[in-house]
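Read-outs throughout are calculated quantities, based only on the coordinates presented, and are distinct from any laboratory measurement. None of the values given here were measured: they were computed from a predicted structure. Every residue, glycine as well, gets a Cβ built from its backbone with ideal geometry; the counts of neighbours run over all protein chains shown.
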Amino acid sequence: MKPAVVAIVALLTVCSCVFTTTPPGRMTVTSEPVSVKSPAKAHLLDGSVVAYDSGFRMSGDTLYGRGVRYDLLRQGSIRVEVVPVESIAAIERYDGHLNAGATVALAGIPASALLSLALTGSLTPLFKALFGSCPTVYAWDGNAYTLEAEAFSFNVTRLMSGRDLDRLDLGRPVDGEYRLMVTNEALETHYIDNLALVTADHEPGCKAFPTDAGRVVLFGRETRLARAENQAGRDVSALIAGRDTAWYRTDSARVRQLADSAVHDWIDIAVPVPKGARRLCLALRGRNTLMSTVMFYDVLLKSQGVSSLDWQGMSRRDLPYALNLSRWHHRHFGMRIRTRSGRGFRDLAWLRDTGPIAWHEVAVDLPVPRGDTCYLRLDFLPDNWMIDWVGVSFDNPEPAQVREIPCGAVQVADGTASDVEGALLAKNDGHYLITTPGDCRYIAFRPEPVSGGLEREYFVRSGGYYIEWLRSDWLESGPAAWFQPRDEALTELATLWLEKRPDLERRFFEMRVPVRRSQ
């Protein structure tokens, strides 16, 4: 081994003591052994990784199992059967069967990346990353890449994988080429099935929005809201009137009520209905707060401990559990669009959560009500949403001309083109491009010129899922049972959110995995 490499390895070993958030000797261990059946990789504090193809058993402060330990440079390996928990920085589940061409056992943070991070002084916060969860998408405007979207942000297992459609507001074609940068800035493994550029050409005077179902709808002239009040009767019209630096979010008093019982917040809007209206389109711009992150990290994953590795690997044989979880999530998370019905309200539509990283715009077509006023309620879990703009249009423009452009050239961080990766992203076929923390891809598209007189808007369509890595302090006590969806979890969430919110909101965007970029 070269002297420089020896020095770096020594640096990694010396610095490793600062990775763990639970000092040695204070680890809360499981009272009963817990067996993990899923393939998993334990990332150790010295930069090496232990691969368990058949899972492992955690008993007390030790992992037991038939593992293969790869050194920092991934050049040498030895068999191991015992690994102290205090030597582990993170554990990830992996789906090795998904891509036969990938060296899954060696996957994770590549050795070259660890060496680069050590040299730049970025290694220390690596295993403390809070940022996530999902691939982040940046668009090129001719001068810089700007954050635009987070792809499939709630597809947290293979069973929950699906496709997303997100607006691209800030990018533009340069020399006939539209370019995206897709990054993995979290302690996650991303399984990207496909990535495509979508164009929507339409007559001037309207705007194109995605729907949760992956369609493109047009939003015409906006009708001014007559009223907008929250659950407490406060006028929030000014907060949701435009895309600006003011937005609505629930106050702490309502969150404290959630800590006692499963209450919701809402915004009631009233808007005049034009005579002869045949279509109603509701659009909004919003994103989740970090409450959704606390739900996923602390209430769901951390509460299960190492059992969450098998939870992330749920398959079709676990459909009854998955359906129960889905119904519970649908009841409390996302956003329900409701309308008055008799003495109460009935549901018209449901919008899924979008993630906490990027603003997301979405639209939904609703039935035109009878009468001269439309009453709608946007119902959601207290402080789970930041809502920047809500708009209603009764126009009925001609449909947009929508085209999907598969990716062309794909470049890795060093600028090398990869035809293999381009082929993996070109189709939604279950063949995944697997990315690990710090990875970056530059993807180019060549859309056809816009037809005369039409306006064009751009979207990114993405498909896949991701696997969250378990941090060292998530390996504390945890039952050998999966999370059970229940309303009591919401009160636990509210209590944790009130406690964690100030520090988490301050640190979240700073605590991301450094990306190896070439541009």
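Estimated from helices alone, the mean residue ellipticity of the chain at 222 nm is -4500 deg cm²/dmol (sum of -39500 (n - 2.57) over DSSP H runs with n ≥ 4, per residue). May I ask for the distance between the Cα centers of the stretch 405-454 and the stretch 272-298, given as a whole number of Å? What the calculation gives is 30 Å, centre to centre.
This model, with +1 at the C-beta of Lys and Arg and -1 at the C-beta of Asp and Glu, gives the stretch 207-393 a dipole about its Cα centre of some 720 debye.
Return the equivalent ellipsoid semi-axes of the stretch 207-393 as a descending list in whole Å, where each equals the square root of 5 times an eigenvalue of the C-alpha gyration tensor.
Values: eigenvalues 191, 72, 53 Å².
Ellipsoid semi-axes (Å, largest first): 31, 19, 16.
Straight-line cross-link reach from LYS427 at under 17 Å between alpha-carbon atoms covers these aspartates and glutamates, not counting any fewer than eight positions away in the same chain: ASP164, ASP193, GLU404, ASP419. Listed from fewest to most Cβ neighbours within 10 Å, the set VAL263, VAL82 follows the order VAL82, VAL263.
At q = 0.06, 0.07, 0.08 Å⁻¹ the log10 of I(q)/I(0) for the chain amounts to -0.30, -0.42, -0.54, computed by Debye summation with a single uniform scatterer per C-alpha, solvent ignored.
Counting beta carbons within 10 Å around each of ASP372, ASP347 and listing the fewest first gives the order ASP372, ASP347. With neighbours defined as other Cβ atoms within 10 Å of a residue's Cβ, the residues THR495, THR436 order from fewest to most as THR495, THR436. Taken about its Cα centre, the stretch 417-488 carries a charge dipole of roughly 260 debye when the Cβ of each Lys and Arg holds +1 and the Cβ of each Asp and Glu holds -1. This model, with +1 at the C-beta of Lys and Arg and -1 at the C-beta of Asp and Glu, gives the chain a dipole about its Cα centre of some 700 debye. Fully extending the segment from SER326 to ALA426 would add 33.1 nm, taking 0.36 nm per residue of separation and subtracting the current Cα-Cα distance.
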